[in-house]
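Please read through the structure below; I'll follow up with questions.
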Amino acid sequence: MILQKSTGIKSFYLLIMFLTCVGCDYTKYQVLEVNGNTGVLEVLNSAYIIDSVAFEKEDKLIFSIALKNKTNGVNKLNLLNPSNDYRVYIDSMNFKDCNVSGGIAFIRQKGFTKKITNNIENQKKYYQEVQQFWFDYLPCQDSTLTIDALRRF
C-alpha cells in the first residue's frame, strides 16, 4: 500500500515537472529604447535590426518606414533623418507635435530575411527571429522609454 502511494506521488510530481517544462517559453525577448526628443529608436541587442516602424493618429496611418534590403540594417534608427537603407512610404507626421502618437515597430534578427506575414505578425511563426513593439511617441518629454517586445500569444 505504501509502495503504491509512493509510486503515485512520484508519478504526479514527474507529470507536473513535465508540464512545467513543456509550457516554458525560451524566447529571448528584446528591448527597444525610444527617445522622443531625438527621434531615435534603438534595439539594445545588436544582433537585431529595426525592420519597420509605423505611427497612427486617430486610426489614420501618418508615418510608415521599412527596411529596403532585409539583409542590411542596424539596431539604431533616427526617425527624423532615416538612412538610405529605409524606404519611407508615408511621411505626414510632425515629430515635434506634443500630442501622443501610437507606434508599432518590428525588429528582426540579422540574417533572417523572410517576409513578415500575418502568421509572423501574430506571433505564430518565427517569434524568436521577428519581434514587435507597441509604444507611444512622446517628443515633449525629456526621457527615454524602454519597451519590452510583445510576448507571443
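The values are calculated or read from the model by the stated rules, or taken from the named source; none is laboratory data. Source: prediction; values computed, not measured. Neighbour counts are summed over all protein chains in view; Cβ atoms, including those assigned to glycine, are modelled from backbone coordinates with ideal geometry.
Considering the stretch 104-120 alone, what residues qualify as being assigned to a loop (DSSP other than H, G, I, E, B) and either at pLDDT 85 or above or under 17 Å from S46 (Cα atoms) (or both)?
Matches in the stretch 104-120: K110, G111, F112, T113.
May I ask you to verify whether G36 is at pLDDT below 90 and touching a strand residue (DSSP E or B) at 6+ places or on another chain (Cβ under 7 Å)?
yes
Is it the case that the stretch 81-98 has a residue that's at pLDDT 90 or above, closer than 18 Å to P139 by Cα and surrounded by fewer than 16 Cβ atoms within 10 Å (Cβ to Cβ)?
So far as the stretch 81-98 goes, yes, one or more of its residues are at pLDDT 90 or above, closer than 18 Å to P139 by Cα and surrounded by fewer than 16 Cβ atoms within 10 Å (Cβ to Cβ).
Just checking, how many residues over the stretch 69-80 are outside any loop (DSSP other than H, G, I, E, B) and within 17 Å of L138 (Cα to Cα)?
2
Quick one: how many residues across the stretch 72-93 are of a type in the set (V, I, T) and under 19 Å from L44 (Cα atoms)?
1
For the stretch 121-153, what are the residues that are touching a Leu at 6+ places or on another chain (Cβ under 8 Å), modelled with pLDDT of 75 or more and among the polar types (S, T, N, Q)?
Q131, Q132, T146
Oh, and also: Given (1) modelled with pLDDT of 85 or more; (2) under 13 Å from L61 (Cα atoms); (3) buried (at least 16 other Cβ atoms within 10 Å of the Cβ), identify the lone condition not met by S101.
Checking S101 against (1) modelled with pLDDT of 85 or more; (2) under 13 Å from L61 (Cα atoms); (3) buried (at least 16 other Cβ atoms within 10 Å of the Cβ), the one that fails is (1).
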